[in-house]
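These notes are about the structure you will find just below.
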Amino acid sequence: MKITRREFLTLAGTTAAGLALSSCTGQQLKPVEDAARAMKVVYRKQITTICPYCGVGCGAIVIRDEVGGKVVSVEGDPDHPVSEGSLCSKGSALYQLHFDVKTGEANPNRLTHVQYRAPGASDWKKLSWDKALDMIAKRIKKTRDAEFREREGGKIVNRVKAIANLGGAALDNEECYLLSKLTRSLGIVYLEHQARI
């Protein structure tokens, strides 16, 4: 094989540079790798979840402090088949849903209880979950009893047109299945999902 002087010098220089880089980077990265191993997360728990914002269903990992129960960070889940670790700008800001980034304290704008404003009232009042759920159940029963139609046009329809259900992207498949079963058992026909609107 005939090789020119220019080709020999190029090949020799490339080989020497490759060897130099491979040997020096391995040695120089060793202390960094050791320090990274030493920074293992202690007293932290990783909880996988789904981003609640849209219908894509990207995976996220919530890292929580085991001692205080405080959410430390939220990041994309690299093992999730949909997003493979990436999150959009809203998903990346999931941490702000719980905590104020500047202070590290609980986000003062996040609601932690039920708010209710009576018809005609101008002020919101705080309700317990039990009271709120009882109010919702009573209103659903009252509306269903008043508007349920067993027959229309001589045909059996068993439906209620006065109630609708709108699902959200934060619901997983099992929750959607149960919600669908509940609403269909009540006779609700206006059953929709926010991702299709």
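Below is a table of values for the structure above.
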quantity	calculated
Complete set of residues in segment 123-175 that are in contact with a Phe, Trp or Tyr (Cβ under 6 Å, 6 or more places away or on another chain) and under 22 Å from HIS193 (Cα atoms)	VAL160, ALA164
Residues being modelled with pLDDT under 75 and on the phi > 0 side of the Ramachandran plot - total across segment 41-93	2
Residue under evaluation ILE3, criteria (1) modelled with pLDDT under 70; (2) over 27 Å from the mean Cα position of the chain (by Cα); (3) not basic (Lys, Arg), criterion not met	(1)
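Let's see how each residue does on (1) in contact with a Pro (Cβ under 9 Å, 6 or more places away or on another chain); (2) under 20 Å from ASP172 (Cβ atoms):
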position	(1), (2)
GLN46	no, yes
THR49	no, yes
GLY59	yes, yes
ASP65	no, no
PRO78	no, yes
SER83	no, yes
TYR95	no, no
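The values are calculated or read from the model by the stated rules, or taken from the named source; none is laboratory data. Quick caveat: nothing in here was measured; it's all calculated off a predicted structure. Don't worry about glycine lacking a Cβ; one is built from the backbone with ideal geometry, like all the others, and counts go over all protein chains shown.
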